[in-house]
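Data first, discussion second: the structure below is written as structure tokens.
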Amino acid sequence: MDRQDKVCSRRKFVKIAGGIVVGVSGLYIFLPELSFLSQKTVRLAKAAIVGRYLPMGDTDPYICQIITRDSMDSRTIMWQSEQEEQEAVLEYRVRGAEIPESSQAINEKFTDDNVTVYLHTSVLTGLQPATHYEYRIGCGKKRSDWHDFTTAGTDSFKALIFPDSQSSDYIDWKNLAQFAYRVNPDAAFFINMGDLVDNGEDHTQWQAWFSALNGIIDTIPVVPVMGNHETYTKDWKVRMPEAYLHYFSLPENGDDMRKNQYYSFDYGDVHFIVLNTQIDEMEAFQPGLLEEEQAWFKADITKTQKKWKIILMHKDVLQYANKKRPDRLAGISDIGRVFMPLFDKYNVDVVLTAHLHTYRRRERIYDFQPDTKGPLYIITGVAGNVRYPNLWKDHLFDKVKAPQPETDNFMTLEASFDRLRLAAYLPNGDE
């Protein structure tokens, strides 16, 4: 959410057990450092005993599979270490094979929030479609445990969709993500719709985000969408989203200056386009984002031969009337006025958004009006515990909204050549 929309801005509570300390004026500070320091002590002791390669966490929570342009024959895998590890390597093999192949990692030193980590990236290419692989990471003679991944095929697939996961302690986010994957073990990848963390500069929040996904993000790839909270400093000013841009090595968009900001990929019969909607936030640092992204969008979408076209974008295309701000009226948002005509022109099927922490399925919309030939628009809800119950008035275009007061939720996408099916679920699994 935008800061001006936060009526319950930074809840005034103290939750020491969850690592939360409240400062002056109600701003919470996420401080799980003691927990992570104790984990580090245990991790280093365990590594010394078993002689096994253990990166940032004692069960490899910062190993991250990332979507590639075509998941039938490639996969990007990243991980982090506290030491430089120039000999970082990834080994992989078809599951059951004896001799693995080796991929030397690209290594990068990254310092943010006064903390230095080393990022290791391995891009695997030439893989076999619809094939089960296993991989492990290491340095020198030490190796991690084996992890799994499966390349895409030509058949139907399922994906998990998580709205904003920004949180005060990331416990609800962990519980929701783990439950969603447990009841959907056939999910091929997962999407996180922006505002992954509440504060993009706070390294402990990124640690908590990665840790919550242990057992998921090392097994299926993530499709991250940049949100406005990825651009915030710890004193709540706007900056370049440095952590987001370094933690996710995403498909190339042809613009080195805006690398990892927006991208597209194919999976099955679907072409996905991931947009960067942080136009205002980025203007002071990289002017001209909107014009460059529009030009890229047109060039990208005209090239695809896939049957379905799905847009993933953080900020919503509609503007909602706010119960606390009578001057805010319902209508089309600024970002909607820019992109909705393009979605009409290029026959987009589905547009998924986030940002407002509410779930609403809308009418199909064409030329800013309900119309059966327009894209289906869904604002996906909220996956973290930063919630704003009963804040938004109903919009004229709303067809369905989540039960009120709103809790967290997740969605599934099932795609085949004949059909797209989207469903939304509460944390207990109710649809």
The convex hull of the Cα atoms of the stretch 321-370, divided by residue count, gives a volume in Å³ per residue of 96 Å³
Computed over all unlike Cα pairs, the Kirkwood hydrodynamic radius of the stretch 106-232 in Å stands at 16.3 Å
Distance in Å, no decimals, from the C-alpha centre of the stretch 146-205 to the one of the stretch 378-431 is 15 Å
Share of accessible surface on carbon and sulfur in the chain, whole %, 1.4 Å probe and ligands ignored, is 50 percent
Among the Cα-Cα pairs of the stretch 191-293, the proportion with separation greater than 21 Å, in percent, is 35 percent
With a 29 Å threshold on alpha-carbon distance, the violating pairs from Lys237/Lys303; Lys323/Lys399; Lys373/Lys393; Lys345/Lys399; Lys234/Lys324; Lys158/Lys323 are Lys237/Lys303; Lys158/Lys323
In the stretch 150-280 the DSSP beta bridges are antiparallel at a rate, in percent to nearest 5, of 45 percent
Here the alpha-carbon Rg of the stretch 288-431 over 2.2 N^0.38 Å rounds to 1.08
Computed from the beta carbon distance with a Förster radius of 41 Å, FRET efficiency for Val400 and Thr111 to the nearest 0.05 stands at 0.35
In the chain the DSSP beta bridges are antiparallel at a rate, in percent to nearest 5, of 75 percent
Cα-based Rg and Dmax for the chain, in Å, come out at 21.1, 66
Taking only the alpha carbons of the stretch 259-303, the radius of gyration and the largest Cα-Cα distance, Dmax, both in angstrom, are 11.8, 38
Checked the stretch 52-168 against the a/c 1.5 cut and the a/b vs b/c comparison, axes a ≥ b ≥ c from its Cα gyration tensor; verdict oblate
Regression test value, accessible area per residue of the chain, probe 1.4 Å, units Å², expected 41 Å²
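The values are calculated or read from the model by the stated rules, or taken from the named source; none is laboratory data. Just so we're clear, the structure is a prediction, and the values are computed from it rather than from any experiment. Because the Cβ atoms are built from the backbone with ideal geometry, glycine has one as well, and the counts that use them run over all protein chains shown. Remember, those area values only see protein heavy atoms, side chains included, never the ligands or the DNA or RNA. Shrake-Rupley method; radii C 1.70, N 1.55, O 1.52, S 1.80 Å.
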